[in-house]
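Read the structure below first, then the notes.
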Amino acid sequence: MTVEFALIEHALQGLTMDVVINLTEHVQTLELRPNGQLFTAYRDIDKTLLIGYSEDLTEEQLSLRQRNFYTTGTRRGTKREHRLLLHTLKDLNISGTYNERCFSANIELIEHLINLNWPVGEIETITTQTSHESKS
């Protein structure tokens with residue numbers, strides 16, 4: 001029984017250190033890039049979600065508007081979080097449409113983004129309305 005506790009304690013020490021290191025890196029990155037923003041943008045024409053990161057969101061929004069996207073949700077974050085989300089979506093077999101940052105807006109994707117704490121914003125309402133319309 002004592003051996004099992006020792007093994008559990010040893011295993012938890014490694015995990016704890018990984019969490020501390022990742023948290024430290026996250027905080028340092030936020031300090032180095034205080035304007036870094038994670039965002040979701042939506043285009044109604046083709047029901048496309050764009051998942052992005054920007055250090056100048058105002059400029060990015062101008063570019064997005066020229067392509068008929070509007071920002072639905074934002075929060076402070078890091079480029080690493082953005083890359084990690086894209087890898088996670090790929091692991092979930094959710095692939096991009098036009099490029100690796102654009103996805104077909106559907107309930108499954110929105111639920112994954114919400115569960116992964118991605119700033120989805122008002123797109124939740126849009127997809128809920130769309131799913132109700134398609135059931136009618």
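Nothing in this text is a laboratory measurement; each read-out follows from the coordinates by a stated rule. Because the structure is a prediction, the values reported are computed rather than measured.
Tabulated data for the structure shown
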item: Residue-span extension gain [R83 to I8] - 0.36 nm each, minus C-alpha spacing; result: 23.8 nm
item: Additional length obtainable on full extension of the chain from D56 to K90, 0.36 nm per residue less Cα span; result: 9.6 nm
